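Each value in this text was obtained by applying a stated rule to the coordinates, not by laboratory testing. The shown structure was predicted, so the numbers you read here are calculated from the model rather than taken from an experiment. Methodologically, a virtual Cβ is constructed for each residue, glycine included, from the backbone with ideal geometry; neighbour enumeration extends over all protein chains shown.
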Ligand code: TRP
């Protein structure tokens, strides 16, 4: 059998995993949730959510992945042969592909906006015009399809390179670059007159806003932001060497994810306040409000505003790309491990699949806007199906598998590297995986269903 690829170093493991974790969830979702639920006070709740829910599930996936050294289907099949658990493995191969189908449409928007920015499209018109670009663009037929195609091609290009030469290399380059780019935007944003109100909004702890809603929001955000429930962390962990300390790579990933989210908040929110606007969530913030702000603030200085908005869209593109490759890799690992396909064919087949799903999603903002699945457009349907159902169910099944199906000795052995590291923490982590995380997911579930 051919040698399974491995990440080359601890930095590579964390760059790849943090690359998956840091994505659109950090750049547009976190800043706005942060403000909404009490600023600095929310960070504490969010950290608690990471500790009690997200990290235990992260470890469950890591343990399954590294102990089996297989794709999600193969892992379940190896660890619980002949049981229905392998269907769980199969489910979590399909869910990241559906996720990528619509994630890639948004990735395409960032490609398009980068081009728009670089070609001075934003500075040729009065700033007030800029927010209108978005609606016009996404409801058109061809442009978003080209952009989606370009984004999928970039994703496929990286995944074709393999674990070591594609994913690892790209993440080691993209993550530090992303960090610097976002810091540049923070610097710019904080120099805008009036931005301090945004800083106040982010740092003033308002404990009165910490309702049950805030807790549910923190749990859901931690779960999505750490890329849990679809076998991404499981698959990446199958490329982690046996000597690596799983506790450290998990904490490293979660800490980077939090760091990026907080920095993104300081890049985005102060600028919004400086322009006299209120932060709101969703694509509107990134694709309508921010280009408007960067333009307006750079009025009379087209070069400066072009530079700032281009940096911003390169950053979003990099963040989206490293997440997207992690979604594609789950299926590629399955086809290469289980069906013996070549990486090249596996990548191309799955890229074609996701690209096709993405076409429907992209068109659902325009020509197919009236085609509904259960009352939702394709894009919204897939978004709900993934975020509200497939991800939490996947996470619940993974942590249940480790907490209740695998033998405790095997779990301990994997987490402690045969009793050499983290031995004192094991019982706590095991308790979290077995009892606390499943309950946490049920809470996320219930709130998704009720809200
Ligand atoms: N975590 C990414 C974000 O914050 C999204 C993501 C990437 C993801 N891979 C995933 C979400 C796997 C769930 C599962 O944007």
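Brief remarks follow.
- Distance (nanometres) between label positions extended 7 Å along Cα→Cβ at residue 431 and residue 209: 3.3 nm
- Distance between the pseudo-spin-label points of residue 124 and residue 80 (7 Å out from Cα toward the beta carbon): 5.8 nm.
- Alpha-carbon geometry of region 320-410: the Rg and the Dmax are 17.0, 56 Å, given in that order.
- Helix axis angle, 343-363 relative to the chain longest principal axis, alpha carbon, degrees: 40 degrees
- Counting other Cβ atoms within 10 Å as a rough exposure proxy, the listed residues 383, 257 run 383, 257 from fewest neighbours to most.
- Distance between the modelled labels on residue 424 and residue 248, one decimal in nanometres: 1.7 nm (7 Å Cα→Cβ projection).
- Nearest-ten-degree value, helix 246-274 long axis tilted from longest Cα axis of the chain: 10 degrees
- Per the Kirkwood formula applied to alpha carbons, region 9-136 shows a radius of gyration over Rh ratio, Rg over Rh, of 1.10.
- Computed over the alpha carbons of region 151-257, Rg followed by Dmax gives 18.5, 52 Å.
- Helix 130-139 vs. the chain, principal-axis angle (Cα, 0 to 90°, nearest 10): 50 degrees
- Calculated over the chain: convex hull of Cα atoms, volume per residue (Å³): 134 Å³
- Given R0 = 25 Å, the distance between the Cβ atoms of residue 196 and residue 299 translates into a calculated FRET efficiency of 0.75.
- Gain on full extension, evaluated as 0.36 nm per residue between residue 345 and residue 448 minus their Cα-Cα distance, stands at 33.3 nm.
- Computed [θ] at 222 nm, helices only, for the chain once each DSSP H run of length n ≥ 4 contributes -39500 (n - 2.57): -22000 deg cm²/dmol
- Residue order for 134, 312, 7, fewest other beta carbons within 10 angstrom first, comes to 134, 7, 312.
- In plain terms, the residue of 28, 389, 339, 355 with the fewest other Cβ atoms within 10 Å comes first and the most crowded comes last, giving 339, 389, 355, 28.
- Given R0 = 25 Å, the distance between the Cβ atoms of residue 165 and residue 413 translates into a calculated FRET efficiency of 0.20.
- Additional length obtainable on full extension of the chain from residue 52 to residue 277, 0.36 nm per residue less Cα span: 77.5 nm
- Radius ratio Rg over Rh of region 1-69, counting only Cα atoms, Kirkwood formula for Rh: 1.10
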